[in-house]
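Chemist: Input: one structure, supplied below.
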Amino acid sequence: MPALINLRSHPDESVRRRAYEAENQAWEGAKETLAACLNGVKGEALTLDKKRGREDALHASIDAARMDRETLNAMLGAMKDSFPMFRRYFRHKAKLLGREKLAWWDIFAPMGKTDKVYSWDEARDFIVENFNKFSPDLGAFAKRAFDKNWIDGEQREGKRGGAFCMGVAAVKESRILSNYDGSFDQVSTLAHELGHAFHNECAYAADKTQLQQSTPMTLAETASIMCETVVTEAALAQTNDPQEVLAILEAQMNNASQVVVDIYSRYLFEKEVFERRAKAELSSDEINDIMERAQKATYGDGLDERYLQKFMWTWKPHYYSSGFSFYNYPYAFGLLFATGLYAIYQKRGADFVPEYKQLLASTGQARAAELADKFGINIRTKKFWADSLAIIGKRVDRYCQL
């Protein structure tokens, strides 16, 4: 199934469509078993929540994310308000593909083209140069990570895929695994992982204990997304090639739309599943219906309603763990919180950086809203989240001009 799902980004539309159809046909044969599993897991979570005195299915998730309902509602409200903006992106992508509306199999279709290949040294110099513009401390840290070979970047047989950053508390350093191939996507990935390493560095420099360094998922992506944003904005500023600009913006917009629009649909889905599972077991067709209605409520006229993905619930692993209810919205928090911080940095410049480093050092020590309050950021109102989404909106504007 992962092989079929991965074909959603294949350049050939006919391949993407056939993969989508084959995937759905396969899920038809497994849906009753998976529905039984989902009913069991959600029933267990509801039982445990009741015995633990939880208000509802969302209660434990909010605690684990170190959030409060006021913050969550403000963020979700701003996300909902942004749907028309993302639908404009979907409609323009459909136009570029020669369609009236996007079908599900076209959401991840590649757009634009860039032939630029970065050598390892070019990637290092590009990252260090642009990190320095944000903060000399961040630039110096990245240079040290490259110079001291903290990054295992080469592709080789037997090496696992993807990218990862691990803090090594005993020596107050970090180690990064990546699979560098010279693409800008991998340059961005290196910047992302170096952001995680810088997050660790700020905690080490402040002599935080291991317990104080335990950061919730909502805040764990703050520095990584900030660093990724820094290099992406720099790359956009350095090219006038429409196809290259389109490729970079497509990567940004595709990720943002998944984190804002699709994750909201998953939040709606899981919320209704819990509410209805508290009263009775759900059939596979009922679960499909809930998922499809959640997608219609979020994607709206941005997608062709005939071709959504009602089986999305079958392969998201966190749905099948009683300890990971509502695993979805912290991803939206991470993107929008970091983007909002970047917006503040654009306004305040270098004066913002010392407070930003203090924030990174403190992410394991308080609830998100309390940490933000210390630095003059109110995340309990929609304005902060709307300002973050406005940054993404400017990228939509540029995308729709291509």
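Chemist: Counting alpha carbon pairs within less than 8 Å and at least 6 residues apart, what relative contact order, in whole percent, applies to segment 307-402?
Modeler: Numbers: 40 pairs, mean separation 25.6, N = 96.
Relative contact order here is 27 percent.
Chemist: Would you please give the FRET efficiency between E44 and K159, computed as 1/(1 + (r/R0)^6) with r the Cβ-Cβ distance and R0 = 60 Å, to the nearest 0.05? Don't skip to the answer; put the middle values down first.
Modeler: Details: r = 37 Å, r/R0 = 0.62.
Taking R0 as 60 Å, the efficiency between E44 and K159 is 0.95.
Chemist: Here is a further query. Quick one: which residues, 5+ away or cross-chain, put their amide H under 5 Å from the amide H of E173? H built at 1.01 Å from N.
Modeler: Here the answer is V168, since their amide H atoms fall under 5 Å of that of E173.
Chemist: Report, please, the projected area of segment 318-393 averaged over directions, based on the convex hull of its C-alpha atoms, in nm².
Modeler: Averaged projected hull area, Cα only: 6.0 nm².
Chemist: If the only charges are +1 at each Lys and Arg Cβ and -1 at each Asp and Glu Cβ, what is the size of the charge dipole of segment 73-138 around the Cα centre, to the nearest 20 debye?
Modeler: Roughly 680 debye, rounded to the nearest 20.
Chemist: Ok, one more. Per the Debye formula with a single identical scatterer at each Cα and no solvent contribution, what log10 I(q)/I(0) holds for segment 80-137 at q = 0.19, 0.26, 0.29 Å⁻¹?
Modeler: -0.76, -0.98, -1.16
Chemist: Counting only other residues whose beta carbon sits under 12 Å from that of Y319, what net charge do I get with K and R as +1, D and E as -1?
Modeler: +3
Chemist: Then there's this: Check cross-link reach from K93 to the lysines: straight Cα distance under 17 Å, and skip same-chain residues fewer than eight apart.
Modeler: Within reach: K101, K113, K394.
Chemist: What is the chain by shape, rounded, prolate or oblate, if you read a ≥ b ≥ c off the alpha carbon gyration tensor as root eigenvalues and call it rounded for a/c under 1.5, prolate for a/b larger than b/c, and oblate otherwise?
Modeler: It is oblate, given that a/c is not under 1.5 and a/b is not larger than b/c.
Chemist: A follow-up question, please. List the aspartates and glutamates whose Cα sits under 15 Å from the Cα of K133, skipping any in the same chain fewer than 8 residues away.
Modeler: Leaving aside aspartates and glutamates fewer than 8 places away in the same chain, those within reach of K133 are D125, E228, E233, D351.
Chemist: To continue, here is another question. Net charge near K133: determine it from the other residues with C-beta under 14 Å of the C-beta of K133, scoring Lys and Arg +1 and Asp and Glu -1. List each step's numbers first, then the result.
Modeler: Details: positive: K143; negative: D125, E129, D137, E233.
That works out to -3.
Chemist: At L402 and K116, where each label point lies 7 Å from the Cα along Cα→Cβ, what is the point-to-point distance in nanometres?
Modeler: 1.2
Chemist: Only bridges with both residues in the chain count here: give the DSSP antiparallel percent, nearest 5.
Modeler: Rounded to the nearest five, the antiparallel share is 60 percent.
Chemist: Now for a separate question. Full extension from Q358 to E13: what is 0.36 nm times the residue separation minus their Cα-Cα distance, to one decimal in nm?
Modeler: Length difference between fully extended and current span is 119.4 nm.
Chemist: Mind counting lysine pairs for me in segment 185-330? Cα separation below 27 Å, and the two need to be 8 or more apart along the chain or on different chains.
Modeler: Counting lysine pairs in segment 185-330 gives 9.
Chemist: With the cut-off at 1.5 for a/c, could you classify segment 173-227 from its C-alpha gyration tensor as rounded, prolate or oblate? Before the final figure, lay out the partial values.
Modeler: On the way: a/c = 2.81, a/b = 2.06, b/c = 1.36.
It comes out prolate by the Cα gyration axes.
Chemist: Using 0.36 nm times the number of residues separating A297 and T209, minus their current alpha carbon distance, what extension gain do you get?
Modeler: 27.3 nm
Chemist: Quick one: net charge around G393, please, counting Lys, Arg +1 and Asp, Glu -1 for every other residue with C-beta under 13 Å from its C-beta.
Modeler: +2
Chemist: Moving on to the next point. Suppose a student asked you for the relative contact order of segment 229-335, using Cα pairs under 8 Å spaced at least 6 residues apart; what percent would you report?
Modeler: The normalised contact order for segment 229-335 reaches 31 percent.
Chemist: Specify whether the C-alpha gyration tensor of segment 123-236 places it in the rounded, prolate or oblate class, a ≥ b ≥ c being the square roots of the eigenvalues: rounded for a/c under 1.5, otherwise prolate if a/b is larger than b/c and oblate if not.
Modeler: Numbers: a/c = 1.60, a/b = 1.22, b/c = 1.31.
Note, shape of segment 123-236 comes out oblate.
Chemist: Run the numbers for I5 and A278: contour at 0.36 nm per residue of separation, minus the present Cα-Cα distance, in nm.
Modeler: 95.1 nm
Chemist: If the cut-off is 12 Å between C-alpha atoms, which aspartates and glutamates fall inside it for K382, apart from same-chain ones fewer than 8 positions away?
Modeler: K382 reaches E70, D81.
Chemist: Step through the residues of segment 44-54 one at a time and calculate ³J(HN,Hα) from phi using the Karplus curve (6.51 cos²θ - 1.76 cosθ + 1.60, θ = phi - 60°), rounding each to whole Hz and writing x for Gly and Pro.
Modeler: 4, 4, 5, 5, 5, 4, 5, 5, 8, x, 6
Chemist: Another question about this same structure. Kindly provide the trypsin sites (Lys or Arg not before Pro) of segment 152-205 that DSSP labels as loop, not H, G, I, E or B, and whose Cβ sees at most 13 other Cβ atoms within 10 Å.
Modeler: R156, K159, R160, K172
Bear in mind these aren't lab numbers, they're just calculated from the coordinates by the rules spelled out. Bear in mind that the values here come from a model prediction, so they are computed numbers and not experimental data. Note that each Cβ is placed from the backbone with ideal geometry, even for glycine, and that neighbours are counted across all protein chains shown.
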